[in-house]
Structures are given as C-alpha cells and as structure tokens.
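For reference, the structure discussed in these notes is given below.
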Amino acid sequence: MPILTPSRCRWLDALLDPEAEGARTRLAWLRAPATAANAQQILMVLEKIAFLHDNGVMEWDVSILNPNRLNLLAQLGRTANNQSLQRYVKKRRYPVLVAFLKQALHTLTDEVVEMYDQCLWACYTDAKRELKDLQQRAARTVNEKLHLLRTLGEILLNPDIDDAKVRENSFRRVPEATLHAALTEMEHLIRPKNDAYVDFFGKRYSYIRQFAPTFLSRLAFHSYHDSDPLLQAIALLHGLDASKPRQRIPDKAPLRFVPDPWRAYSI
C-alpha cells in the first residue's frame, strides 16, 4: 500500500499547522526532546510513540530508500524550520516528513527504553541511599543494643547464676520494657542475607505505577526463547492492569526470571 495517499498527504501537511492559535505544531511537539528520565517525561515520549503508532507509521515501508538517503531526509525533518518545510515542493516535503517520522519512531522507542531504565535505576539508588542514611542514624541505637547484648550475655554465661534465676537476673539488669523496645527497634535494622534494598525500593511503587503500565502496554516485547517467563509475566500484567477493579497477582505467576532477593516481594 502506498504511503503517500491523498489523506496521508493532508495529514502530513497538518503536522505543520498549529493546532490552536499560539500553539506549537505537531511536528514541533514530536521534535521536542525529553529533559529528564522521570515519570512525566516518560509518559510524554510514550504519548508520541502512541501518536505515531495510531497513525500507522510503524507499517510504512521505506526500504526503497537508501539508508544514507533516509538519514539525510530525516535530518532535514529534524532541523528545517516550519516555514522552510511548508515552502518545499510536495515531492520534497513529503519524503522529508515521512523519513523524519519513521526514524523518530525508532529513536523515541530507544529513548523511552533508556529513560525507563534510568528512572528505575535512580529509584533503586535512592532506596540504597535511604537505607544507608537509616543505618547511619541508627549507629547510636546499635551501640546501645550491643551494650544490652553484652549485659544479657554476661548473665547467661555466668555459672554462678542458677538457670531458674536467669530470667529474674536478666530483667533486674535490663527491664522488660527496655528489652521489648530494643527488639522492636532492631526489627527495622535487621537486613536479609542477600540484601537488595527491595523494601525501600517498594516505597516508590506508586511513583513507578504512574508510567510502568503504559510503558509495558505501548511497547511490543519479543524473546528468542519459547515460553519466556518474562514475556509471560508482562502478558499477565497486561491482563491485571486491564481488569476493573485490578485483580491480585495469582500465586502461580511466572517468577523464574526474578532474582532471589526480590521473590518475597513479588507476589
């Protein structure tokens, strides 16, 4: 099917027209670069990808063009001002716009994947920093608990104290309320053996949910492996996100790709 149908040409021309008085054109919107790897900017790039997909850019076959020629035309589409593009004759204007849009779809897809990765890594780094800050603030508390442990250890290891008197002597040296409070505080400081800061990362769940479902639904994922558990998990999330109200993750969800420290937090 030819790309430059009459309706498609009208649509391409409309990209150069402001959508409202004083507003920028669709082309300018597509050209505008993302400024940060955050939820708002990721959603903006995904909106551009959706716009291009919805208008069939993914299906355009431009293989007839030499790759160098395609890159040159796309570069013109990225840099030429709006008035220059409008002054181009149609035989030049349309190939420039087609090349730009086709390349923009690939560029935006690569960009949003990188932004997604950077955003998650920033969340993970913040989680790691939050735990480190907590441990630094708790340094004095840990020292107090070590004193308690030493006191209780001296009582337990003292051969002159009868077994029946150990509890009595322990609470005489360390009041029961003090021991309860110490154990409660220590619960927040004890970390799993393979610590991955997942609990602190989980505090950012609502933030990640702002863009993750759209990211997973907008992009198509493929694997070289049959029955890839990661693709199965993505398909499961698609179904859960589409359900109203959202259902809980089933107990038999695919988890083979999930690292051990994360599994306890996955379902």
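The values are calculated or read from the model by the stated rules, or taken from the named source; none is laboratory data. Note that the structure is predicted; figures quoted are calculated from it, not measured. Note: ideal-geometry Cβ built from the backbone for every residue, glycine included; neighbour counts use all protein chains shown.
Here's the yes/no breakdown for (1) β-branched (Val, Ile, Thr); (2) at pLDDT 95 or above:
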{"site": "ARG10", "(1), (2)": "no, yes"}
{"site": "GLU21", "(1), (2)": "no, no"}
{"site": "ARG24", "(1), (2)": "no, no"}
{"site": "ALA37", "(1), (2)": "no, yes"}
{"site": "VAL45", "(1), (2)": "yes, yes"}
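Suppose the filter is over 23 Å from ALA122 (Cβ atoms), free of Cβ contacts under 8 Å to residues at least 40 places away in the same chain and in contact with a Gly (Cβ under 9 Å, 6 or more places away or on another chain); does GLN232 pass it?
Values: over 23 Å from ALA122 (Cβ atoms): yes; free of Cβ contacts under 8 Å to residues at least 40 places away in the same chain: yes; in contact with a Gly (Cβ under 9 Å, 6 or more places away or on another chain): no.
It is false that GLN232 is over 23 Å from ALA122 (Cβ atoms), free of Cβ contacts under 8 Å to residues at least 40 places away in the same chain and in contact with a Gly (Cβ under 9 Å, 6 or more places away or on another chain).
Tell me, yes or no, whether the stretch 195-202 has at least one residue that is over 28 Å from GLN41 (Cα atoms) and either in contact (Cβ under 8 Å) with a residue 60 or more places away in the chain or hydrophobic (A, V, I, L, M, F, W, C) (or both).
Step one: list which residues in the stretch 195-202 are over 28 Å from GLN41 (Cα atoms), which gives 195.
If we keep only those that are either in contact (Cβ under 8 Å) with a residue 60 or more places away in the chain or hydrophobic (A, V, I, L, M, F, W, C) (or both) as well, we get 195.
Looking for residues that are over 28 Å from GLN41 (Cα atoms) and either in contact (Cβ under 8 Å) with a residue 60 or more places away in the chain or hydrophobic (A, V, I, L, M, F, W, C) (or both), one finds at least one in the stretch 195-202, hence yes.
How many residues, within the stretch 183-217, are more than 25 Å from ASP260 (Cα to Cα) and surrounded by fewer than 16 Cβ atoms within 10 Å (Cβ to Cβ)?
Count: 5.
Just checking, does the stretch 162-169 include any residue being touching a residue at least 40 places away in the same chain (Cβ under 8 Å) and surrounded by 11 or more Cβ atoms within 10 Å (Cβ to Cβ)? Full working, then the answer.
Let us first name the residues in the stretch 162-169 that are touching a residue at least 40 places away in the same chain (Cβ under 8 Å), namely none.
Scanning the stretch 162-169 turns up no residue that is touching a residue at least 40 places away in the same chain (Cβ under 8 Å) and surrounded by 11 or more Cβ atoms within 10 Å (Cβ to Cβ).
Could you name every one of the helices (runs of 4 or more DSSP H) located completely within the stretch 105-211 that has at least 1 residues being under 30 Å from THR35 (Cβ atoms)?
198-202, 205-208
Can we say TYR94 is surrounded by 12 or more Cβ atoms within 10 Å (Cβ to Cβ), under 23 Å from the mean Cα position of the chain (by Cα) and on the phi < 0 side of the Ramachandran plot?
Working: surrounded by 12 or more Cβ atoms within 10 Å (Cβ to Cβ): yes; under 23 Å from the mean Cα position of the chain (by Cα): no; on the phi < 0 side of the Ramachandran plot: yes.
Against the criterion (surrounded by 12 or more Cβ atoms within 10 Å (Cβ to Cβ), under 23 Å from the mean Cα position of the chain (by Cα) and on the phi < 0 side of the Ramachandran plot), TYR94 does not qualify.
Among the listed residues ALA212, ALA196, ALA127, ALA104, identify the single one that is in the same structural domain as ASN38 (by TED's automatic domain parsing) and either charged (D, E, K, R) or closer than 29 Å to ASP241 by Cα (or both). Step through it out loud before you land on a result.
On the way: ALA212 fails: in the same structural domain as ASN38 (by TED's automatic domain parsing); ALA196 fails: in the same structural domain as ASN38 (by TED's automatic domain parsing); ALA127 fails: in the same structural domain as ASN38 (by TED's automatic domain parsing).
Residue meeting the stated conditions: ALA104.
Within the stretch 60-78, identify whether any single residue is closer than 20 Å to TYR116 by Cα and polar (S, T, N, Q), and answer yes or no.
Of the stretch 60-78, the ones closer than 20 Å to TYR116 by Cα are none.
Scanning the stretch 60-78 turns up no residue that is closer than 20 Å to TYR116 by Cα and polar (S, T, N, Q).
Give the residue that is farthest from THR178 (Cα to Cα), with candidates limited to residues of the stretch 139-161 that are within 50 Å of the chain's Cα centre (by Cα) and of a type in the set (A, V, I, L, M, F, W, C). If you could, list the steps in order and put the result at the bottom.
So the first thing to find is which residues in the stretch 139-161 are within 50 Å of the chain's Cα centre (by Cα), and the list is 139-153.
If we keep only those that are of a type in the set (A, V, I, L, M, F, W, C) too, we end up with 139, 142, 146, 148-149, 152.
On the way: ALA139: 18, VAL142: 14, LEU146: 13, LEU148: 9, LEU149: 12, LEU152: 12 Å.
Within the stretch 139-161, the match that is farthest from THR178 (Cα to Cα) is ALA139.
Mind checking whether some residue in the stretch 108-126 is surrounded by 14 or more Cβ atoms within 10 Å (Cβ to Cβ) and either closer than 23 Å to TRP11 by Cβ or touching a strand residue (DSSP E or B) at 6+ places or on another chain (Cβ under 7 Å) (or both)?
The answer is yes; a qualifying residue exists.
Go through the stretch 12-55 and give me each residue that's under 15 Å from THR109 (Cα atoms) and of a type outside the set (A, V, I, L, M, F, W, C).
Quick first cut of the stretch 12-55, residues under 15 Å from THR109 (Cα atoms) only: 30-34, 37, 41-54.
Scanning the stretch 12-55 gives ARG31, PRO33, GLN41, GLU47, LYS48, HIS53, ASP54.
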